[in-house]
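I have placed the structure first, in the form of structure tokens, so that the comments after it can refer back to it.
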Amino acid sequence: MNADSRTRLDRTPEWTALAEHREELGEVHLRDLFAAEPGRGSGYVLQVGDLHVDYSKHLVTDETLRLLRELAAARDVVGLRDAMLRGDRINTTENRAVLHTALRAPRNAVIEVDGENVVPRVHAVLDKMAGFAGRIRSGEWTGHTGRRIKNVINVGIGGSDLGPAMAYEALRSCTDRDLTVRFVSNVDGADLYEAVRDLDAAETLFVIASKTFTTIETITNATSARAWLLDQLKAGQEAVARHFVALSTNAGKVAEFGIDPDNMFEFWDWVGGRYSYDSAIGLSLMIAIGPDRFREMLDGFRIVDEHFRTAPAESNVPLLLGLLGIWYGNFHDAQSHAVLPYSHYLSRFTAYLQQLDMESNGKSVDRDGHPVEWQTGPVVWGTPGTNGQHAYYQLIHQGTKLIPADFIGFAEPVADLAPGLVAQHDLLMANFFAQTQALAFGKTPDEVRAEGVPEELVAHKTFRGNHPTTTILARELTPSVLGQLIALYEHKVFVQGAIWHIDSFDQWGVELGKVLAKRIEPALTDGTDIPGLDESTKALVAKYRALRGR
Ligand code: F6P
């Protein structure tokens, strides 16, 4: 592939063929697609691990899918995938390998970075985590005053928070219910205050999670947490060793902070923050669910990794989901993508995916630094059903925007619910199926009239339908299934980045705000004049200071 065709994706023959095909399909309705293809409902289905993936309610035909696969082939998605899996430095702007898949590789795997097999190091850290988690869970590890640890506070932000926080909620039914596990991320002091206000410091462990150990929010909160602990315990620095552990790639900064290097759990620069919760960053989760369930989760990741690596294009689920996103984002002008889990336990799932997807693919220059001439990553959003149904589904059903959506549901409720609450599960899932049905097929004006609706209300009560959805169904939300789901989305994001020819593994877009915040802080605190500050921000800073009586 020459440089021009890479940078001008939209001039490739495969892209042009898709654009023409889109024209031909026009406003074809899912009702017509189903009528034309008996068996579509059971035919447009794939299985990966425990995940049943139904893509029948998409605005695609066999021809669409064939053309999309041709685009993937022309963009050499498979070549980039293999380069990632073997440890090539595909994160070119940071000159790093991208090897989150090594975090769940079996002990006997060999994956080399700069000639060194990284798998033994991965397992050494997992073993160390398991030993530590076991000591916390058994009560063998005690705090400074000899009391058992009952509270675990993860302090981290972005990838050092969203993953473990999401997974802790998702797997709550597997957690040790005698432990209190909380997550502090926001530099707003209220976050830490609320997390510790009812806790006994003598029974509290802080897990400071930061890949770089320089992130201002995390270091500020960790410093405040240390001050709180020492104050509560009326103890000196020596108490830190029993109450603080670190998860990081930066041993020097961890030591500088005062955490014993023996209490540091390492990971490496080839693990991106948003791809890191199955690394040492998962320690709080491992303490909560235990090492065995954590390993089951890693096994789940691995199932999908293997599938992504080996399944042919026709049945490769991450490839399919990536291509469907391209179809809507690039050929239907869809701007956003909703992820709607019908599981209370997945309440943080979409927030986690927001970083995974938007920090990875929210890019407007390609790998070579040229502006892209096509849409890249979508806005990802959503909350668990059925709550969303009573909030924003109105817009999905009857608004003017095309919003492709993923519906994720389970056949079994996971918790030890009372029988009455178990019975509610069918109602939850009835809503799940009803929504995808209504979104796809809608309700025609004639159907509305047949119900005796007065003519002036017919338009209001008509549902156009034709809103595409993917249904992902599994028997139960287990640790393995969670791992499978996350790996599925990781690889979907990868596929899209490969096609758009962007670096999905850097995040330069978060840097400017960090630099400006550092510059602005002294102006807020002591009125320092900031040369070159724009007029609007200057006025707002002055207003803020006046409101604070400064
Ligand atoms: O938001 C930018 C970012 O670098 C994320 O990519 C990362 O997950 C987060 O900050 C936290 O970084 P760290 O783990 O180094 O504290």
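The values are calculated or read from the model by the stated rules, or taken from the named source; none is laboratory data. From a predicted model like this one, the values you see are computed outputs, not experimental measurements. Cβ coordinates were reconstructed from backbone atoms using ideal geometry, including for glycine residues, and neighbour counts include every protein chain displayed. All accessible areas refer to the heavy atoms of the entire protein, side chains included, with ligands and DNA or RNA removed. Shrake-Rupley method; radii C 1.70, N 1.55, O 1.52, S 1.80 Å.
Just the ratio, please: alpha-carbon radius of gyration of the stretch 386-432 over 2.2 N^0.38 Å, N its number of residues.
Working it through for the stretch 386-432, the quotient is 1.45.
Order the following by accessible area, largest value first: Thr525, Thr436. Probe radius 1.4 Å; ligands, DNA and RNA are ignored.
On the way: Thr525 85, Thr436 5 Å².
Result, largest first: Thr525, Thr436.
Quick one: pull the percent of accessible area on the chain belonging to carbon and sulfur, 1.4 Å probe, ligands and nucleic acids left out.
Result for the chain: 52 percent of the exposed heavy-atom area is carbon or sulfur.
What length, rounded to one decimal in nm, is gained on full extension from Asp292 through to Ala83, with 0.36 nm per residue of separation minus their alpha-carbon distance?
Values: separation 209, 0.36 × 209 = 75.24 nm, distance 3.10 nm.
The Asp292-Ala83 span can extend by a further 72.1 nm.
Under a 1.4 angstrom probe, counting protein chains only, how are Thr383, Thr470 ranked by accessible area, largest first?
Of Thr383, Thr470, the descending order of accessible area is Thr383, Thr470.
Can you list the aspartates and glutamates whose alpha carbon sits under 13 Å from that of Lys461, skipping same-chain ones fewer than 8 residues off?
Asp446, Glu447, Glu451
With viscosity set to 1.306 mPa s at 10 °C, what whole-number translational diffusion coefficient in µm²/s follows for the stretch 292-427 from Stokes-Einstein and a Kirkwood radius over Cα pairs?
91 µm²/s
Specify whether the C-alpha gyration tensor of the stretch 213-264 places it in the rounded, prolate or oblate class, a ≥ b ≥ c being the square roots of the eigenvalues: rounded for a/c under 1.5, otherwise prolate if a/b is larger than b/c and oblate if not.
It comes out oblate by the Cα gyration axes.
For the peptides 91-97, 157-163, what is the packing order when you average, over each peptide's residues, the other Cβ atoms within 10 Å and list the highest mean first?
157-163, 91-97
For the stretch 200-329, what D do you get in µm² per second when you plug the Kirkwood radius from alpha-carbon pairs into Stokes-Einstein at 20 °C and 1.002 mPa s?
Working: Rh = 17.2 Å.
It diffuses with D of about 125 µm²/s by this estimate.
From the phi of every residue in the stretch 529-538, what ³J(HN,Hα) in whole Hz does the Karplus formula 6.51 cos²θ - 1.76 cosθ + 1.60 yield, where θ is phi - 60° and glycine or proline is x?
6, 10, x, x, 5, 5, 5, 5, 5, 4
Taking square-rooted eigenvalues a ≥ b ≥ c of the alpha carbon gyration tensor, is the stretch 21-167 rounded, prolate or oblate, where a/c under 1.5 means rounded and, failing that, a/b exceeding b/c means prolate?
It comes out prolate by the Cα gyration axes.
Given N residues in the stretch 354-503, what is its alpha carbon radius of gyration divided by 2.2 N^0.38 Å?
1.32
How much of Val448 can a 1.4 Å solvent probe reach, expressed as accessible area in Å² and rounded to 10?
Accessible surface of Val448 is approximately 0 Å².
According to the square roots a ≥ b ≥ c of the eigenvalues of the Cα gyration tensor, what is the shape class of the stretch 320-399, taking rounded for a/c under 1.5, prolate for a/b larger than b/c otherwise, and oblate for the remainder? Present the calculation step by step, with values, prior to reporting the outcome.
On the way: a/c = 2.73, a/b = 1.73, b/c = 1.58.
Here the stretch 320-399 falls in the prolate category.
Å³ per residue of the Cα convex hull, for the chain?
197 Å³
Ordered by residue, what ³J(HN,Hα) values in Hz, to whole numbers, does the stretch 65-74 give under the Karplus form 6.51 cos²θ - 1.76 cosθ + 1.60, where θ = phi - 60° and Gly and Pro are x?
Here the 3J(HN,Hα) series is 5, 4, 5, 5, 5, 5, 4, 4, 5, 5 Hz.
Pull up the cross-link candidates among the lysines for Lys363, meaning alpha carbon to alpha carbon under 19 Å and not fewer than 8 places away within one chain.
Output for Lys363: Lys492, Lys514.
As a test question: what accessible area, to the nearest 10 Å², does Lys401 have when a 1.4 Å probe is rolled over all protein chains in place?
The accessible area of Lys401 comes to roughly 120 Å².
Rounded to whole Hz and in sequence order, give me ³J(HN,Hα) for the stretch 328-334 from the Karplus expression 6.51 cos²θ - 1.76 cosθ + 1.60, θ = phi - 60°, writing x for Gly and Pro.
Here the 3J(HN,Hα) series is 7, x, 9, 10, 10, 6, 5 Hz.
Express in Å², to the nearest 10, the accessible area of Ser343 obtained by rolling a 1.4 Å probe over the protein heavy atoms while all chains stay in place.
The accessible area comes out at roughly 10 Å².
Extending each Cα 7 Å along its Cβ direction at Gln335 and Leu516, get the distance between those two points in nm, one decimal.
Going by the 7 Å Cα→Cβ label model, 2.1 nm.
Output the Kirkwood hydrodynamic radius of the stretch 102-232, Cα pairs only, in Å rounded to one decimal.
Over the stretch 102-232, the inverse of the mean reciprocal pair distance is 16.3 Å.
When ligands, DNA and RNA are left out and all protein chains stay put, how many square angstrom of accessible area per residue does the stretch 1-127 have with a 1.4 Å probe? Spell out each step's value before the answer.
Numbers: 5910 Å² over 127 residues.
The answer is 47 Å² per residue.
Rounded to the nearest 500 deg cm²/dmol, what is the calculated helix-only ellipticity per residue at 222 nm for the chain, with -39500 (n - 2.57) per DSSP H run of length n ≥ 4?
For the chain, the value works out to -14500 deg cm²/dmol.
Ranked by accessible surface with a 1.4 Å probe, highest first, in what order do Tyr193, Tyr393 come?
Tyr193, Tyr393
How about Lys128: which lysines have a C-alpha closer than 27 Å to its C-alpha, ignoring those fewer than 8 places off in the same chain?
Lys150, Lys211, Lys253
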